[in-house]
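Asker: Input: one structure, supplied below.
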Amino acid sequence: MKVHIPTPLRPYAGKSTTVEVRAATVGEALNALIAKHGELKRHLYTDDGKLRTFVNVYLNDEDIRYLQKEATPVKESDSLSIVPSIAGGAEIVEVRNLRIANLQLCSSAVCNCDSERRWQW
């Protein structure tokens, strides 16, 4: 079967985009991949041997978490895709009742300022 290697993990798989392995289950396929490219292990598994939570594995476009996980049976014609989650960006912060010091909406009906100014500092 073919195991598709994502771009961020290719340096640890000899720069391969796909690797052929023989296996009966998803877990065996991943172990066969690691047997060929040992550096992948630390990127796929935790120290206690569990698949990392940010590593998603798809068997023919089906997420193995909704199948039988690593015990999911595979056929030689199947393909396995490893998709690591990408993290980053900005943290979303909710702001309520924001007050900016000395900033007031100016309305010419209640204010003596120039009517062209809409914000008064």
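Just so you know, all these numbers are worked out from the coordinates, no wet-lab data involved. Since the structure is predicted, the reported quantities are computational estimates derived from the model, not experimental observations. Neighbour counts are summed over all protein chains in view; Cβ atoms, including those assigned to glycine, are modelled from backbone coordinates with ideal geometry.
Asker: So, counting K/R as plus one and D/E as minus one, what does the shell of residues with Cβ under 14 Å around residue 13 add up to?
Answerer: On the way: positive: 2, 10, 15, 36, 41, 42; negative: 20, 39.
With Lys, Arg at +1 and Asp, Glu at -1, the net is +4.
Asker: Hey, another quick one. List the residues, sorted by chain then number, that are 5 or more residues from residue 74 or on another chain and whose placed amide H is less than 5 Å from its amide H.
Answerer: 25, 26
Asker: Under a point spin-label approximation (7 Å from Cα along Cα-to-Cβ), what is the residue 7-residue 22 distance to one decimal in nm?
Answerer: Result for the modelled spin labels: 3.4 nm.
Asker: Now for a separate question. With all pairs of different alpha carbon atoms counted, what Kirkwood hydrodynamic radius in Å does the stretch 2-84 show?
Answerer: Numbers: mean 1/r = 0.0800 Å⁻¹.
Kirkwood hydrodynamic radius for the stretch 2-84: 12.5 Å.
Asker: Here is a further query. Restricting attention to the stretch 30-81, which chymotrypsin sites (Phe, Trp or Tyr not before Pro) occupy a DSSP loop and are surrounded by at most 14 other Cβ atoms within 10 Å?
Answerer: Passing sites in the stretch 30-81 are 54.
Asker: Something else now. Would you list 22, 65 from fewest to most Cβ contacts within 10 Å? Write down the numbers at each step before the final one.
Answerer: Working: 22 10, 65 13.
Arranged by neighbour count, lowest to highest, 22, 65 become 22, 65.
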